[in-house]
Ligand SMILES: CC(=O)Nc1cnc2ccccc2c1
């Protein structure tokens, strides 16, 4: 009760407090709305996931890059009606600069590529794992941050780049136990839309808007989609032809409508490369895939769960115009983003979450307060051998030490006792077997 009156202890009963104590304001111990903490258990799972992201990137010869989570707002200002724009976590900083917490990594990557200019030999194969942010108006209770794994190839115009990227994601899935019966990739090309719209001389910047609208096709009533499409200038006839093409189920059917243009050629090339990479049974053509980012210009793909319970697991595609819109050279580019949320939901569904617990090689404990120094020496020797060692830092009863050792899955308990220490020895207890013995300090292995 004493702490409740503004934090001065004993003010009601004890002697007058001589000087004002630091006032205690009870802070909210939860993280800000829509954000997460990572206590040890969650952090082990996150590190496991990111380790697999990074191992696959290394396997494919990609180099890791990173960028500030805070960027100039201008990097993300696109007028294509994207959700990512409506939810931009932007503000004016103390220098009156318009800045934003990045909602995605690709624009930062493009900025760095341009900054590096000619000094970065093409093709660039870069990857990053970074936290991305959004600010949702309504308290829809959705998260406001997530981590994304991105892989990008800059400077390769052929679809061999897209085939390589999809291969890397398949490799990732296999590493964590996901199979082609669990997930698949829907693949299409925005060149399908482009070739269609070119017949009706729709302007380039309407193209991005049309794609963003079509990406919502499964989330909005078709009437609203049609209304939005007509509001960007598409006639009734074009809208109906567009929607009809999007429901096409095979490449041959698409070729009948489109004729043999770049879209068909790219898709056929990609599907034949998939054969060579050995992931044909992971992919399918699906004309309705457009992805919600305005800057894609060619092949687009998304990973989906075949049970149909979850949102897209990952997504990506070719974005050949992005660098030039930032004032850079007209460099071909493609990449993908892979979020840290849906994949964990999928692993839970498939009961594939890894068992990760703290593993310790040793716990070292002084059995007597004046042997604390000796215990520190032992811990240092073991750590010098690369063995993870928890040193008990205060006088604790053995029961407490055993409990801690069990919770930390320690392999060995090293007990520093007076009698043994006088002989230059320590006690060792192998916790799995219960075996117990004494050993000379310099024979500790
Ligand atoms: C399922 C989930 O957490 N999605 C999510 C969470 N935070 C984001 C933040 C920025 C952009 C996209 C985001 C997406």
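Scan region 35-46 and tell me whether some residue there is within 27 Å of residue 169 (Cβ to Cβ), in contact (Cβ under 8 Å) with a residue 24 or more places away in the chain, part of a loop (DSSP other than H, G, I, E, B) and more than 16 Å from the ligand (Cβ to nearest atom).
Within region 35-46 (the criterion being within 27 Å of residue 169 (Cβ to Cβ), in contact (Cβ under 8 Å) with a residue 24 or more places away in the chain, part of a loop (DSSP other than H, G, I, E, B) and more than 16 Å from the ligand (Cβ to nearest atom)), the answer is no, since none of the residues qualifies.
For residue 166, are the conditions met, namely being without any contact (Cβ under 8 Å) to a residue 40 or more places away in the chain, within 23 Å of residue 322 (Cα to Cα) and in contact with a helix residue (DSSP H, G or I) (Cβ under 8 Å, 6 or more places away or on another chain)?
no
Can you tell me how many residues within region 308-322 are surrounded by fewer than 21 Cβ atoms within 10 Å (Cβ to Cβ) and either touching a helix residue (DSSP H, G or I) at 6+ places or on another chain (Cβ under 6 Å) or free of Cβ contacts under 8 Å to residues at least 60 places away in the same chain (or both)?
Looking only at that region, the number is 6.
Taking the conditions exactly as written (crowded, with 18+ Cβ neighbours inside 10 Å and under 27 Å from residue 205 (Cβ atoms)), does residue 302 satisfy them or not?
Criteria met by residue 302.
Keeping to region 413-436, report how many residues are more than 46 Å from the chain's Cα centre (by Cα) and not in a strand (DSSP E or B).
Total satisfying the criteria: 8.
Show me the strands (runs of 3 or more DSSP E) entirely contained within region 91-198 in which 2 or more residues are within 24 Å of residue 331 (Cα to Cα) and within 16 Å of the ligand (Cβ to nearest atom).
Filter on region 91-198 gives 124-133, 145-154.
Could you grab me the full set of residues in region 79-90 that are more than 14 Å from the ligand (Cβ to nearest atom) and out of contact with any helix residue (DSSP H, G or I) (no Cβ under 6 Å at 6 or more places or on another chain)?
79 - this is the single residue of region 79-90 that is more than 14 Å from the ligand (Cβ to nearest atom) and out of contact with any helix residue (DSSP H, G or I) (no Cβ under 6 Å at 6 or more places or on another chain).
Is it the case that some residue within region 329-339 is away from the ligand (no atom under 16 Å from the Cβ), under 26 Å from residue 80 (Cβ atoms) and at pLDDT below 95?
Yes - at least one qualifying residue is present in region 329-339.
The values are calculated or read from the model by the stated rules, or taken from the named source; none is laboratory data. Note that the structure is predicted; figures quoted are calculated from it, not measured. Every residue, glycine as well, gets a Cβ built from its backbone with ideal geometry; the counts of neighbours run over all protein chains shown.
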